[in-house]
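The values are calculated or read from the model by the stated rules, or taken from the named source; none is laboratory data. The structure presented is a predicted model; accordingly, all values stated were derived computationally and were not measured. In this analysis, Cβ positions are derived from the backbone assuming ideal geometry, glycine residues included, and neighbour counts consider all displayed protein chains. Side chains included, ligands, DNA and RNA excluded: accessible areas come from the protein's heavy atoms. Shrake-Rupley method; radii C 1.70, N 1.55, O 1.52, S 1.80 Å.
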Amino acid sequence: MGPTRAAIRVIESAMAVPAGSSPPAPVCPPQNTSIFSPATEQAARITEVTWLVIGICLLIFVVVEALLVYAIIRYRRRRDAGPHDPPQVYGSGPIELAWTVVPILIVVVLGLVATRGVFSIDTEHPPPHALPVSVIAHQWWWEFRYPDQGIVTANELVVPLSDPDEPRPIALSLQSADVVHSFWVPRLAGKKDVFPHRINTIWFDPTTAGVYHGQCSEYCGRQHAHMLILVRVLPKPEWEQWVRAQQAPAAEVPSGAAGREIFLSTACVKCHTVRGTPADGTFAPDLTHLQSRTTIAAGTLANTHENLLRWVTDPQQVKPGCNMPAMQLRPDQIEQVVAYLETLH
Ligand code: CUA
């Protein structure tokens with residue numbers, strides 16, 4: 001075995017999934033995250049600029065390639081004639097001027113168009129009645145706080161549909177609890193970096209109900225790829241219903257009593273909040289209404305019984321390097337904790 005082979009073996013074994021587990025199955029079928037199918041005015045402007053840039057680049061490509069092909073054919077070496085050079089144009093003023101001025105004009109046009117696009121969606125302040133949501137990025141999940149509604153949730157941003165006659169955009173203020181992340185839901189808005197000790201803002205006006213997917217798009221550590229964003233745009237009445245449900249304290253259901261006891265007696269409470277209980281940690285997702293979310297572990301797994309069992313048993317098998325340890329509970333205790341989590345509607 002050569003040194004390269006040996007190195008590959010080492011890398012492969014380091015990347016291998018530990019025995020007895022399989023990599024997380026995809027949560028949902030591939031979603032449309034294309035920048036070419038914008039769902040908001042803000043995303044549409046980005047798409048316009050993108051098409052313009054692609055168009056100009058395509059034009060340059062075609063012109064350059066056409067000249068190249070022409071030159072290859074026209075000036076190929078001919079058997080009948082001796083070697084002949086094309087006319088020498090070195091130092092020609094008009095030609096030098098042309099290939100200096102034209103690219104400058106192209107760059108200026110592209111720069112102006114892009115700048116206008118950025119300013120039109122980035123520095124225009126959202127209308128004063130926009131819904132403020134503060135987004136806090138963590139390794140490796142998203143926290144969403146609604147200051148006006150007093151709601152805290154994670155990974156799934158739920159917003160009301162904006163009425164074109166009376167727009168109610170969503171104004172996000174972005175900050176990070178640790179390293180640099182980037183918030184990007186391509187069909188709704190542009191990409192915005194998320195920094196610690198600094199607040200960035202981004203806003204969009206959701207005019208089509210539906211589910212939109214996004215992803216952290218700045219490498220932020222080992223589980224960067226498992227830091228998904230899900231945005232649910234609901235018609236206003238449904239959104240208001242969601243708000244009321246989120247504002248309620250955690251349900252206390254008899255079937256969850258045993259698991260609740262275990263949950264509250266372990267270190268879970270240091271990181272997670274379940275409103276209405278002593279659990280008030282803020283290092284990890286708020287679990288008060290965990291069952292209102294369709295996924296767990298920031299979109300890594302669907303929110304199902306099996307996946308909750310798997311996650312609570314050992315998060316490191318699902319999301320190696322994440323900050324949640326296995327709590328070393330017995331299998332029956334894990335069943336009870338999961339039964340409790342399943343009561344958190
Ligand atoms: Cu957070 Cu990449």
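Being within 16 Å of the ligand (Cβ to nearest atom) and either acidic (Asp, Glu) or open to solvent by less than 30 Å² (accessible area, probe 1.4 Å) (or both) is the filter here; which residues of the stretch 209-230 pass it? Show your work before the answer.
Taking the stretch 209-230 and keeping what is within 16 Å of the ligand (Cβ to nearest atom), we get 213-230.
Those that are within 16 Å of the ligand (Cβ to nearest atom) and either acidic (Asp, Glu) or open to solvent by less than 30 Å² (accessible area, probe 1.4 Å) (or both): His213, Gly214, Cys216, Glu218, Cys220, Gly221, Gln223, Met227, Ile229, Leu230.
Of the residues Pro237, Pro206, Pro196, the single one that is within 15 Å of the ligand (Cβ to nearest atom), farther than 23 Å from Ile296 by Cβ and either of a type outside the set (A, V, I, L, M, F, W, C) or outside any loop (DSSP other than H, G, I, E, B) (or both) is Pro196.
Residues considered: Arg275, Arg244. Of these, the only one that is outside any strand (DSSP E or B), among the basic types (Lys, Arg), more than 16 Å from the ligand (Cβ to nearest atom) and out of contact with any Asp or Glu (no Cβ under 8 Å at 6 or more places or on another chain) is Arg244.
Let's see how each residue does on (1) touching an Asp or Glu at 6+ places or on another chain (Cβ under 6 Å); (2) away from the ligand (no atom under 15 Å from the Cβ); (3) open to solvent by 40 Å² or more (accessible area, probe 1.4 Å):
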| residue | (1), (2), (3) |
| --- | --- |
| Pro128 | no, yes, yes |
| Leu131 | no, yes, no |
| Ile151 | no, yes, no |
| Leu161 | no, yes, yes |
| Pro164 | no, yes, yes |
| Ile170 | no, yes, no |
| His181 | yes, no, no |
| Leu188 | no, yes, no |
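In summary, Glu261 fulfils each of the numbered conditions (1) surrounded by 15 or more Cβ atoms within 10 Å (Cβ to Cβ); (2) assigned to a helix (DSSP H, G or I) with the single exception of condition (1). Scanning the stretch 148-191 for residues that are among the hydrophobic types (A, V, I, L, M, F, W, C), farther than 22 Å from Gln31 by Cβ and touching a Pro at 6+ places or on another chain (Cβ under 6 Å) yields one hit, Ala171. If we keep just the residues of the stretch 110-126 that are open to solvent by 70 Å² or more (accessible area, probe 1.4 Å) and outside any helix (DSSP H, G or I), which is modelled with the lowest pLDDT? Applying the filter and picking the extreme gives Glu124. Tell me, please, whether a residue that is at pLDDT 65 or above, over 30 Å from Trp203 (Cα atoms) and out of contact with any Pro (no Cβ under 7 Å at 6 or more places or on another chain) can be found in the stretch 45-58. Yes, because at least one residue in the stretch 45-58 is at pLDDT 65 or above, over 30 Å from Trp203 (Cα atoms) and out of contact with any Pro (no Cβ under 7 Å at 6 or more places or on another chain).
Filtering the stretch 133-149 to residues that are in contact (Cβ under 8 Å) with a residue 40 or more places away in the chain and within 16 Å of the ligand (Cβ to nearest atom) leaves Val135, Ile136, Ala137, His138, Gln139, Trp140, Trp141, Trp142, Glu143. Filtering the stretch 264-282 to residues that are without any contact (Cβ under 8 Å) to a residue 24 or more places away in the chain, surrounded by fewer than 16 Cβ atoms within 10 Å (Cβ to Cβ) and within 22 Å of Pro331 (Cβ to Cβ) leaves Leu264, Ser265.
Is it fair to say Trp239 is open to solvent by less than 50 Å² (accessible area, probe 1.4 Å) and either among the β-branched types (Val, Ile, Thr) or in contact (Cβ under 8 Å) with a residue 60 or more places away in the chain (or both)? So that I can check it myself, show each step before the final result.
Values: open to solvent by less than 50 Å² (accessible area, probe 1.4 Å): yes; either among the β-branched types (Val, Ile, Thr) or in contact (Cβ under 8 Å) with a residue 60 or more places away in the chain (or both): yes.
Considered against the rule, which asks whether it is open to solvent by less than 50 Å² (accessible area, probe 1.4 Å) and either among the β-branched types (Val, Ile, Thr) or in contact (Cβ under 8 Å) with a residue 60 or more places away in the chain (or both), Trp239 comes out as yes.
Applying the set (1) open to solvent by 90 Å² or more (accessible area, probe 1.4 Å); (2) modelled with pLDDT of 90 or more to Arg77 leaves exactly one unmet item: (2). Selection of the stretch 265-320 for residues being farther than 16 Å from Thr343 by Cα and of a type in the set (D, E, K, R) yields Lys270, Asp280, Arg310, Asp314, Lys319. In this structure, is Ser217 over 19 Å from Tyr146 (Cβ atoms) and within 23 Å of the chain's Cα centre (by Cα)? The answer is yes for Ser217.
Somewhere in the stretch 283-290, is a residue open to solvent by 20 Å² or more (accessible area, probe 1.4 Å) and within 21 Å of Arg232 (Cβ to Cβ)? The answer is yes; a qualifying residue exists.
Within the span defined as the stretch 101-109, every residue fails to be open to solvent by 60 Å² or more (accessible area, probe 1.4 Å), more than 16 Å from the ligand (Cβ to nearest atom) and at pLDDT below 90.
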